[in-house]
Each structure stands twice: as C-alpha cells, then as structure tokens.
Amino acid sequence: MVEITLPDGSKKSFEAPVTAMGVAEAIAPSLAKAAVAARVNGRLVDLSTVIDSAADVAIVTAKDPEGLDIIRHSTAHLMAQAVKELYPEAQVTIGPSIENGFYYDFSFMRSFTPEDLKAIEARMDDLVKKNIPIVREEMTREAAIELFKSMGEHYKVELIEAIPAGETISLYRQGDFVDLCRGPHVPSTGKLKVHRLMKVAGAYWRGDSKNEMLQRIYGTAWATKDEQAAYLKMLEEAEKRDHRRLGRELDLFHLQDEAPGMIFWHAKGWALWQVVEQYMRRVYQDNGYEEVKAPQLLDRSLWERSGHWAKYRENMFTTESESRYFALKPMNCPGHIQIFNSKLRSYRDLPLRIGEFGQCHRNEPSGSLHGLMRVRGFTQDDGHIFCTEDQILEECGKYTELVRRVYRDFGFKEIAYKVATRPEMRIGEDAAWDKAEHALMQSLESLGIPYEVLEGEGAFYGPKIEYHLKDCLGRSWQCGTIQVDFQMPGRLGAEYVAEDNTRKVPVMLHRAILGSLERWIGMLIEEFAGAFPVWLAPVQVGLAAITDAQNDYVKELAQKFHEAGIRVQTDLRSEKISYKIRELSLQKIPYIVVVGEKEKQAGTVSVRARGGKDLGVMTVDEFLAKVTGEAVSRAM
C-alpha cells in the first residue's frame, strides 16, 4: 500500500507503486491532462516517476511558475531536436530556460539566418503535432561519454566529464533525439504548442572569451496563446520605448566605438541628468547626509586591503605611475572609509551619513554592454552610513522609508523587497553575518513590508536589501540597495571612540537609491517613452512665432521663462508655423507656446499641451504659474 498526501492534506492510497501521472489521474482526469510534472517530497520530478512508498505529492501544471519553467526548458530541447533534424552537422551545447523563454547554443559552420529560424520553428510545430513521448534514461558516465562521442557531440562529452563523481547522469530521448539533462521535462512534445523563436546572438562556450564563439538562438514559450500574444505586444511596446532609439531621436546622448561603454551626453540629456542629480542632492541635504568627493584613482594596496582586488581584479581598469599600481575605482566605499578615517571620530558623531555622486569604472565584457543600462563608466548616488550596532535597525528602517518616497516622486509605486543573504565566497565570521541578516529582515518587518529571501546572493562583505521596481510594461528593475557591512571598516582601519572610551570599529551601511544614474535615466526614458513630466523634461516649453515679426516677443518671453527657472527652446526660423509645431511636438516637449501678432499686442500666449491638446490663450503670468506649479509639485 502506497499512501500519498496531497497539498490540501487529503490522502490517496494505492495498492501498488504508482507514477506521478497515476496520482494525477486518480485526483481528476482534467488535472492529469493539464499536468506537466510533479513535486514529490519537495523535489520536482517527471510524471513518469514511480512512487513506491508514502510521499507528499503535488501535481505541477503550466499555471505554476515551476511548470512554466519546465515548459520552457522542454521547448529548448524541442528546438535543439528541430535544429539537429534540419542541420545534422550542428553540435548542441547548453539550452536552459530563462525569464520569459529559453535559449540553446549551437556550434555550426555558418551563421543562422532569419530563414533558418522560420524553418526551425516550422519543424518544431511538426514535432509538437507528432506528440512524441519524452523519456528519461540514466547511464553510467562511461556509457554516456561513448554515446555522445559516437554522435559527434563533443561539447556534451565535455559536460559529462565535468559532472562530479557519484552524481546521476540522466538523458532525455524524444524520438531519435537524445540530450543530456537533469530534467524534469514535460511528458511529450504535444505539451509545447505555444512558442516563438526570437533572435540569434553570439555566445562564448561556457561564457569564456577564450573559447569558441557559438550561436545562441533565443525563443519564448508560454502556456497559452493569449499569454504569448500579451508578451509579444509588450516587446513591441518596449521597442518603441527603447532608450537608445529615443536617445538619438530626442538628442539626449550617443555612444561610439572610440569609447565603448561610455556615454556622450548632449545638452538635453545633460539637462535631464542635472534635474535628477539636483533632486538627489536635495535628498542628501534633507536627510542628514554630508556630500563628499573621493579620488578616481587609488593605490592597489588599498584595494587589496578592502578585499576588492581579489574579488574584482578582472573588472578593474588599472594603470602604473612611478612604479606604483593604481586602479580606477569600481565602487566608492574604500574612498569613503578614508574620509571617515581622516580624523578621530566619537560615538557622538554616529550615525555619520556621507554621500557622493561617485563616478566608477568597471571593465564589463563588450558583449554585455547595452546603452545606458550596462556601461563601463557610470555614476552612483552612493552613500555610506557609519553607525553602531544598536543603530543599524533604525537606520535601515529610515532608509527604506526614504527609498519609497524617492521612487514615488519619480512615479514608481510598485516595489518588491528582497533580502540577499550570505554567499559561499565571503569574508567575516558567521556570527556577524547572523546579526547583519537579522537586522535587515527586522527593519522590513517593523514597517510591515513583506520580502523575499535570495539565498546566497549577498555581497562578499555583507547581506543586503534589494529594492526592485516594476515599470509600466511590467518589467522589474533592481535599483536601490542597502548592505550591512561588519567587515570592510575594520579591514581599512576605521574606528571610533566609544562611550566607555574604548576604540571600536563602526558598522558600515552601503546604500544607493537610484543606483547607476545612467541606468536610472535609461529607465526613465523607457518608462515615459521620452514624454517626461514637466519637472523632468529637458525642455519644458517650446516657443515659436507665427511670423518673423513676433521673434522679438519670443526672445522676450524666453528670457522671462528662463528667469523663472523654466527650461525653454525657441524656434525663430522662417518656416511655416505648422512645420515649427510639428518639429517641437516630435521632441515630446510638454508645452508648446505659439505667438502671433494678436498675442504680441495683448501680451498673452497661445498654449498647446503635449499630444496636440489646445489649452487656449493665457496671460504670461498664468502660464508661468501653471508650469512652475507642475514642476514644483512633480506632477505626473
């Protein structure tokens, strides 16, 4: 007798060992039809898995997150099967599921073309219609190596040879196609009806630039056609909002090969930057931060003492002068500790909050660079709070409340909170990590904020809270963070005079609200599709005269607007007014002011809001009050 306990606590008994699919069928035929896998005693398994003793069993469907992940992983195998049938000489390597889809890397003698992708997708559809069973097998290491050698799949052989001794080696067959995989997978190809191949990109074998460049085919897969249609529509909207395209069209910034991963900010883009920076500068001032500036270059010995040299050396830009080695700072914390160390501090000075718009450089791989979102040179709204252990909880709570206010001002209301705990490679004693992790979790709990725990994803010197924003397209962005660090201050000699007159090492809270300003501005461009609210807009008002006879009045208005703190752009060209309005509209300026002879004589302005809405005629003072009021209130 095999007794199965279901998620609702109910039980089902079977006279003999039963498969996970058999359990699903016993619960309900409709559940069996929807099933893609099962969870047995907490472990995900194939539906063909035999259960021969008492167990907790949950049937997994495509509605479950892990079910959708299994569908995507199985679709990666489906694509590999189609590729091998169409192009037998291609070698398969690795094909995981990823967010919203999957990819598979191939070694192939020529580049895959758009026509190839269409052919592969058509073959995938044929394989789905055949509803081929997907069957798990286990082999010895030697047998698996011989099998893949005989198939000419040298990458698979390399993967098998790297599997630790004693681990089970499992394969999955679907028809004539066989692949190395831990699984689980859907029971047959008929479960993989909804998919779309997206693009081809280059990828180094095992992510190492010293290895062969492979071809990575990306795809997306979903449980239903409606879900896929919604996703593809979101991608279409995201393309329209792409910050790189809008950066060119709105004359905000550009990139070029002579400075990979660095940004050339144009006047309008820099105006937007300054609005963001000055806003954050006021946040510093209003919340007890002292703004500082640390050097760009620091001696290698400092990075060795901080622990960064061992951890980040490959991503640091270095130089040599007078037989000394220096590194461009990849982060600001060691410099801020030097400022703390510049004089003797007392417990009365704590918490000491210092902030910097610190320019950092990291030697990111060229293939990972992406507009403003992934760069080599970036500026952080970086701050560090030096405090006692007793002050950690209060400071973390205050910081979280500040983060929420800042994000709300920029229009972001949906925040996910995640606590990243100690990684395997770390410095410091477990007792200190226990204190740090507890403080972060307690600070969120005291505010009634739910959070997710990211096991093992903290920094090497301390755990952190990550603040993830959701944009208008439902995409998640990890921006702000606060990290509790018991390690680095002591490594770099930081100490203060405690109340009992002893010397103690302060706790250091690393924090950034926006993170990289470049990335934040890229997010803003995409969030607003370049149509920024008045307070953020690089140009808030566009001014145009109907004829040259009103140009002097336009100049007079521009000066008055400028004195009122409004960012204004004039069009004094001898062009038709319809052309001028169209040109200003394409720049997504919030307000366009048109003046003719009537407005000039009356001292008024004719106002159009973005989108072509006619607001009619206003006095100059009325219009100024409207624009400045929206800017001050940060109206969205």
**Message:** Restricting to segment 298-312, name every residue that is closer than 23 Å to F357 by Cα and either surrounded by fewer than 19 Cβ atoms within 10 Å (Cβ to Cβ) or not aromatic (F, W, Y) (or both).
**Reply:** L298, D299, R300, L302, S306, G307, H308, W309, Y312
**Prompt:** Can you tell which of H336, H384, H361 is within 23 Å of A259 (Cβ to Cβ), surrounded by 19 or more Cβ atoms within 10 Å (Cβ to Cβ) and not polar (S, T, N, Q)?
**Reply:** H361
**Prompt:** Quick one: how many residues across segment 75-94 are in contact (Cβ under 8 Å) with a residue 40 or more places away in the chain, touching a helix residue (DSSP H, G or I) at 6+ places or on another chain (Cβ under 7 Å) and either open to solvent by 40 Å² or more (accessible area, probe 1.4 Å) or not aliphatic (A, V, I, L, M) (or both)?
**Reply:** 4
**Asked** Do any strands (runs of 3 or more DSSP E) entirely within segment 544-630 hold 2 or more residues that are not hydrophobic (A, V, I, L, M, F, W, C), and if so, which?
**Response** 568-571, 604-609, 613-619
**Request:** Please state which one of A38, A16, A26 is farther than 28 Å from C181 by Cα, small (G, A, S) and surrounded by 14 or more Cβ atoms within 10 Å (Cβ to Cβ).
**Result:** A26
**Message:** I'd like to check something: does segment 401-419 contain any residue that is farther than 30 Å from E630 by Cβ, touching a strand residue (DSSP E or B) at 6+ places or on another chain (Cβ under 7 Å) and not in a strand (DSSP E or B)?
**Reply:** no
**Asked** Got a number for residues in segment 398-434 being under 17 Å from Q483 (Cα atoms), surrounded by 16 or more Cβ atoms within 10 Å (Cβ to Cβ), within 19 Å of the chain's Cα centre (by Cα) and hydrophobic (A, V, I, L, M, F, W, C)?
**Response** 3
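For the structure I just gave you, tell me whether W535 is in a loop (DSSP other than H, G, I, E, B), modelled with pLDDT of 95 or more and surrounded by 18 or more Cβ atoms within 10 Å (Cβ to Cβ). Even if it seems obvious, please write down each step before you answer.
Working: in a loop (DSSP other than H, G, I, E, B): yes; modelled with pLDDT of 95 or more: yes; surrounded by 18 or more Cβ atoms within 10 Å (Cβ to Cβ): yes.
Here the answer is yes, as W535 does meet what is asked.
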**Message:** Based on this model, can you work out whether E290 counts as among the acidic types (D, E), part of a strand (DSSP E or B), in contact with a Lys or Arg (Cβ under 8 Å, 6 or more places away or on another chain) and touching a residue at least 12 places away in the same chain (Cβ under 8 Å)?
**Reply:** yes
**Request:** Scan segment 486-505 residue by residue and report those that are in a strand (DSSP E or B) and of a type outside the set (V, I, T).
**Result:** Y496, R503, K504
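Please go through segment 122-133 and give me each residue that is touching a strand residue (DSSP E or B) at 6+ places or on another chain (Cβ under 7 Å) and surrounded by fewer than 17 Cβ atoms within 10 Å (Cβ to Cβ), ordered by number.
Within segment 122-133, N131, P133 qualify.
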**Asked** Restricted to segment 204-223, and to residues that are surrounded by fewer than 19 Cβ atoms within 10 Å (Cβ to Cβ) and among the charged types (D, E, K, R), which residue is farthest from L192 (Cα to Cα)?
**Response** K210
**Item:** Candidates V2, V18, filtered to the one that is touching a residue at least 12 places away in the same chain (Cβ under 8 Å), in contact with a Phe, Trp or Tyr (Cβ under 8 Å, 6 or more places away or on another chain), of a type in the set (A, V, I, L, M, F, W, C) and over 20 Å from L192 (Cα atoms)
**Value:** V2
**Asked** Would you pick out the residues in segment 103-129 that are in contact (Cβ under 8 Å) with a residue 24 or more places away in the chain, in a loop (DSSP other than H, G, I, E, B) and more than 12 Å from V83 (Cα to Cα)?
**Response** S111
**Message:** Quick check on my filter: what residues within segment 130-182 are assigned to a helix (DSSP H, G or I), in contact (Cβ under 8 Å) with a residue 12 or more places away in the chain and of a type in the set (K, R)?
**Reply:** K130, R141, K156
**Item:** Given (1) at pLDDT 95 or above; (2) basic (K, R); (3) more than 33 Å from the chain's Cα centre (by Cα), number of the condition R141 does not satisfy
**Value:** (1)
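The values are calculated or read from the model by the stated rules, or taken from the named source; none is laboratory data. If you're wondering where the values come from, they're calculated on a predicted model, not measured in any experiment. Glycine gets a Cβ as well: all are built from the backbone with ideal geometry, and neighbour counts include every protein chain shown. Just so you know, the surface numbers come from the protein's heavy atoms only, side chains and all, with ligands and any DNA or RNA stripped out. Shrake-Rupley method; radii C 1.70, N 1.55, O 1.52, S 1.80 Å.
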